[in-house]
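Heads up, the thing below is written out as structure tokens.
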Amino acid sequence: MLNAQQTAQFTLDAKKIGAPVQSTMYGLFFEDINFGADGGLYAELVKNRSFDFPQNLMGWNTFGNVEVLKSNPLFPNNPTYLKLSTSGHNHKHTGIENEGFRGMGFKKGEQYRFSVWAKSESDAPQKLRINLIDSHNEVIGSKDLEVKSKEWKKYELEISPKTTDKNGRLRIFLASQGEVYIEHVSLFPVDTWKGRNGGLRKDLAQALADLQPGVFRFPGGCIVEGTDLDTRYDWKKSVGAVENRPLNENRWHYTFTHRFFPDYYQTYGLGFYEYFLLSEDIGAEPLPVVNVGLACQYQNECCVAHQPVGELDDYIQDALDLIEFANGSTDTKWGKLRAEMGHPASFEMKFLGIGNEQWGEEYVERLAAFSKAIRAKHPEIKLIGSSGPSADGKEFDYLWPEMKRLKVDLVDEHYYQTPEWFLKSATRYDNYDRKGPAVFAGEYACHDHASGKDNNFLSALCEAAFMTGLERNADIVHMCTYAPLFAHVDAWQWKPDMIWFDNLSVVKTPNYYVQQLYAKNTGTNVLNLTWNKQAITGQEGLYASAVYDKNEKCYIVKVVNTTKESKAINLTITGLRKNQTLTIGECTLMQNMNAGAVNTLENKNAVVPQKTTATLNGNVVAIAAQANSFGVYKITE
């Protein structure tokens, strides 16, 4: 063991440039869990905006003379609308009020775009009064809107609240003596991501962009399957006019009785077109996942819940049509729709996941049918199969040989494990078969059960240690994505999660910053970093890996110290060119002696990266690896 005076002697071989690190190595996985889409990334503030929840007025309070109607709908896939009529008494007001997603977040001075489809049967114009209400029931913004037509038309106006409130509401009065029919009531901040009308919440989207992800997997894991096939995520229902995208159950509203949210549905307002657009915005390769004809196997033990193998044609066609939607020319059916939605150019999709974390023979035989059909028409698309829901065990051991037999391009591995598992598994991929498919670590997170699964520094540190093993084995590991991504502090079903938020602000966890440091320091090639001629995989509590960046012409060394004592390290760089000089570049450190430290909305910066440095003497870099720390050190040529 090292004592306080001893120094660990690391060796970095600069002469032998190793396997390339894929540009997709570090990325993002999005699932609509924890109110991650509606009520989260999708900036719509109105819940049940088309009145089509099974309880048509869920999320709404009504007063006065309000009728729920479904005959002769404006939007066939969202048939419900309301009729507001005068109450017959000057002091009995008619109207509706929406509670939002655990309230509505309003910022003083910002603009909010209200829109509604409306008509009237009256010859005289009818008036709606649009009020923004704060958590004290005070009006903080108000405007009137005139409905002038007997035909359905879309009306818009902008309102600016005079105060900030994270738990506001939207209230609409009928302010004239007649009646108004209304449908698709919507309220968005004007200042959305990229300024798009009806777009994404700016601060949450920016947090994704700041990670500099190489790949973006969507629309989720379990929601791809659905509790049953009728409620699976159907990408075709998520494109086209937003007003006519049908409602879908979200399986996470009833999965956990101790975290039960009966008001959790998918409007598909954040659909596949928006996912592809976001991928493009943040510079990530889009990686959609399609249903393979299986409902969630956790929730359905009987085969009758699944689509028979001989009846998969529609499901396979959905996958082929998705490729056409993403990449097809504008003279194809689905490529034309993409162009009509605003993106004539191809999204240049290269990857497609077939199923989420399915297992057993029932998965393999369905995957084989998908693979055969897609390979025949689109050999350029890289297909991703599953190794099941666990990191090892019976299903895992069965599936990997089957994935090799079917010649998928990548195998999606999932693991939600303890801190001890993550530290032990830094060597997980050292001896994987290099002749088979590559690995996609599609869902992983360190679960510190002792803390109640908080996003604490211990979990982030153990993930950083584990990821040195991903980096060292970048020849076989081509992608990795932490999961889940988002969680609303007042409406979550699962934790830990990378990014937490309320209706006005966002907090980045220590786990977020670990992912960011890896993604910003991906490098282009693996380098051989050793201690006593061995990879550094936990000796004396130290974990380390290194890459070379051809573009920046620098060596990037990542060091994790999981002990409670500082460690002195001498890093000798061998194989340098004659007379080659080095300099210390940007160095970053995450460190905290409190393993349970977390970032919160009240204290967002308890654990954040800080600048640090190292000492250079010729070709030897002296690093002081602080206790409980993750450091990234750049040495430039």
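The values are calculated or read from the model by the stated rules, or taken from the named source; none is laboratory data. All figures in this text were calculated on a predicted structure; none of them were measured in a lab. Cβ placement follows ideal geometry from the backbone for every residue including glycine, while neighbour counts extend to all protein chains displayed. The protein model used for the area step is the full one, side chains on, heavy atoms only, and it has no ligands, DNA or RNA in it. Shrake-Rupley method; radii C 1.70, N 1.55, O 1.52, S 1.80 Å.
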Note on region 14-66: residues on the phi < 0 side of the Ramachandran plot, part of a loop (DSSP other than H, G, I, E, B) and of a type in the set (Gly, Ala, Ser) are Ala14, Gly18, Ala19, Ser23, Gly36, Ala37, Gly40, Ala43, Ser50
Confirm whether Arg217 is in contact (Cβ under 8 Å) with a residue 12 or more places away in the chain and more than 21 Å from Thr24 (Cβ to Cβ). no
When every residue in region 329-343 that is open to solvent by 50 Å² or more (accessible area, probe 1.4 Å) and not small (Gly, Ala, Ser) is compared, the one farthest from the chain's Cα centre (by Cα) is Asp331
Of the candidates Arg251, Arg201, the one satisfying the condition of being in contact with a strand residue (DSSP E or B) (Cβ under 8 Å, 6 or more places away or on another chain), basic (Lys, Arg) and on the phi < 0 side of the Ramachandran plot is Arg201
Here the residues within region 507-525 that are more than 18 Å from Tyr543 (Cβ to Cβ), open to solvent by 10 Å² or more (accessible area, probe 1.4 Å) and either among the aromatic types (Phe, Trp, Tyr) or in contact with a helix residue (DSSP H, G or I) (Cβ under 8 Å, 6 or more places away or on another chain) (or both) are Lys508
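Matching residues to (1) in contact with a His (Cβ under 6 Å, 6 or more places away or on another chain); (2) closer than 30 Å to Lys154 by Cβ:
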| site | (1), (2) |
| --- | --- |
| Arg251 | no, no |
| Leu294 | yes, no |
| Val304 | no, no |
| Glu311 | no, no |
| Asp318 | no, no |
| Asp321 | no, yes |
Within region 101-124, restricting to residues that are over 19 Å from Lys162 (Cα atoms) and modelled with pLDDT of 95 or more, the one that is surrounded by the most Cβ atoms within 10 Å (Cβ to Cβ) is Ala118
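Let's see how each residue does on (1) among the aliphatic types (A, V, I, L, M); (2) open to solvent by 10 Å² or more (accessible area, probe 1.4 Å):
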site	(1), (2)
Val411	yes, no
Gln417	no, yes
Leu423	yes, yes
Arg428	no, yes
Arg434	no, yes
Ala445	yes, no
Ala460	yes, no
Leu470	yes, no
Taking region 273-315 and keeping only residues that are assigned to a loop (DSSP other than H, G, I, E, B), among the small types (Gly, Ala, Ser) and open to solvent by 20 Å² or more (accessible area, probe 1.4 Å), one is left with Gly283
Over region 547-568, the set of residues part of a strand (DSSP E or B), farther than 22 Å from Trp421 by Cα and within 29 Å of the chain's Cα centre (by Cα) is Val547, Tyr548, Asp549, Ile556, Val557
query = Is it true that some residue in region 526-542 is hydroxyl-bearing (Ser, Thr, Tyr), buried (at least 24 other Cβ atoms within 10 Å of the Cβ), at pLDDT 95 or above and out of contact with any Pro (no Cβ under 6 Å at 6 or more places or on another chain)?
reply = no
